[in-house]
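What follows draws every value from the coordinates through simple rules; no lab data is involved. What you see is a predicted model; the values in this text were computed from it and never measured. Glycine also receives a Cβ, built like all others from the backbone with ideal geometry; neighbour counts cover every protein chain displayed.
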Amino acid sequence: MKTTLYNPSNIELEFANAIKGLIPEIEGKLSTNKILEVKTTIDVDNPFLVFSLEDGDGDKHELVLKLIQRPDKE
């Protein structure tokens, strides 16, 4: 199926929601970091998730996961 809308695309939205639903499993695979909060912005072009983390020493960190679909190739 050709993608007709990229801002955001259906695939980007599905992946963002799927990742959001997997947060407990993701945290279970982190050896020394705890997920404190995940902010999602999925209603924009290139949806993103911002993970607020705390490591074993109590230091805070942020990771940003941005989803970008490349244009369809013929």
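Could you list, in sequence order, all residues of segment 56-74 that are among the aliphatic types (A, V, I, L, M) and either outside any strand (DSSP E or B) or surrounded by 12 or more Cβ atoms within 10 Å (Cβ to Cβ) (or both)?
If we filter segment 56-74 for residues that are among the aliphatic types (A, V, I, L, M), which is where we start, we get 63-65, 67-68.
Residues satisfying the conditions are LEU63, LEU65, LEU67, ILE68.
Within segment 29-55, count every residue that is in a loop (DSSP other than H, G, I, E, B) and not β-branched (Val, Ile, Thr). Give the steps one after another, and end with the answer.
From segment 29-55, those in a loop (DSSP other than H, G, I, E, B) are 29-33, 42-47, 55; that's our starting set.
Cutting the leftovers down to not β-branched (Val, Ile, Thr) gives us 29-31, 33, 43, 45-47, 55.
Residues in segment 29-55 being in a loop (DSSP other than H, G, I, E, B) and not β-branched (Val, Ile, Thr): 9 in total.
Suppose we keep only residues that are exposed (fewer than 12 other Cβ atoms within 10 Å of the Cβ) and over 17 Å from the mean Cα position of the chain (by Cα) within segment 29-55. Which one would you say is nearest to ALA18 (Cα to Cα)?
The selected residue is SER31.
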